[in-house]
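What follows is one structure encoded as structure tokens, with my remarks underneath.
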Amino acid sequence: MSAAEFSYKLRVYIEDTDAGGIVYYVNYLKFMERARTEFMRELGYGKDAIFNHGLMFVVRDMAVRYLRPAQLDDLLEATVRLIDLGGASMTLAQEVRRGAEVLATATVTVACVERAGVRPQRLPRDMTDSLRAARDTNGN
């Protein structure tokens with residue numbers, strides 16, 4: 001399946017690094033989370049829009065591979081590509097890159113749940129349509 005890729009640029013700050021100036025591993029997850037949030041915001045589903053539907057998203061499963069270290073002051077790009085869309089979940093492929101160099105990759109499944117009871121909830125039709133359109137376009 002051909003899928004469009006969303007990209008989010010970020011800078012590595014001192015707070016992102018360990019004592020050796022290397023990005024601490026958990027911060028790659030934060031970079032990816034920001035990219036997923038901005039991806040949804042780009043589609044018109046910022047925090048308010050999602051909360052107005054009485055929904056929230058939770059990570060159900062994530063597999064990460066760390067390939068190369070990022071360092072203080074690097075300019076990075078975190079990407080999101082939708083690879084599967086279910087009734088109440090989506091699976092995304094993510095990368096963190098420095099230029100053309102891939103530093104970390106992840107596959108993450110995010111479940112849609114109702115805010116009140118934190119039970120699985122189908123994605124709203126308009127959101128599903130927007131996600132499908134983003135997946136099927138050639139640009140972001």
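Looking across the range 46-80 at every residue that is in a strand (DSSP E or B) and of a type in the set (Lys, Arg), the one that is surrounded by the most Cβ atoms within 10 Å (Cβ to Cβ) is identified as Arg60. For the range 86-132, filtered to residues that are assigned to a helix (DSSP H, G or I) and within 17 Å of the chain's Cα centre (by Cα), the residue that is nearest to Leu29 (Cα to Cα) is Leu131. If I filter the range 16-32 down to residues being outside any loop (DSSP other than H, G, I, E, B) and charged (D, E, K, R), which single residue comes out as surrounded by the fewest Cβ atoms within 10 Å (Cβ to Cβ)? It comes out as Lys30.
The single condition among (1) charged (D, E, K, R); (2) surrounded by 14 or more Cβ atoms within 10 Å (Cβ to Cβ); (3) at pLDDT 95 or above that Arg11 does not satisfy is (2). The set of residues in the range 103-119 that are surrounded by 15 or more Cβ atoms within 10 Å (Cβ to Cβ) and farther than 20 Å from Gly46 by Cβ comprises Leu103, Ala104, Thr105, Ala106, Thr107, Thr109. Scanning the range 95-103 turns up at least one residue that is without any contact (Cβ under 8 Å) to a residue 24 or more places away in the chain and of a type in the set (A, V, I, L, M).
The values are calculated or read from the model by the stated rules, or taken from the named source; none is laboratory data. Because the structure is predicted, anything quoted here is derived from the model rather than measured. We place every Cβ from the backbone using ideal geometry, glycine too, and count neighbours over all the protein chains shown.
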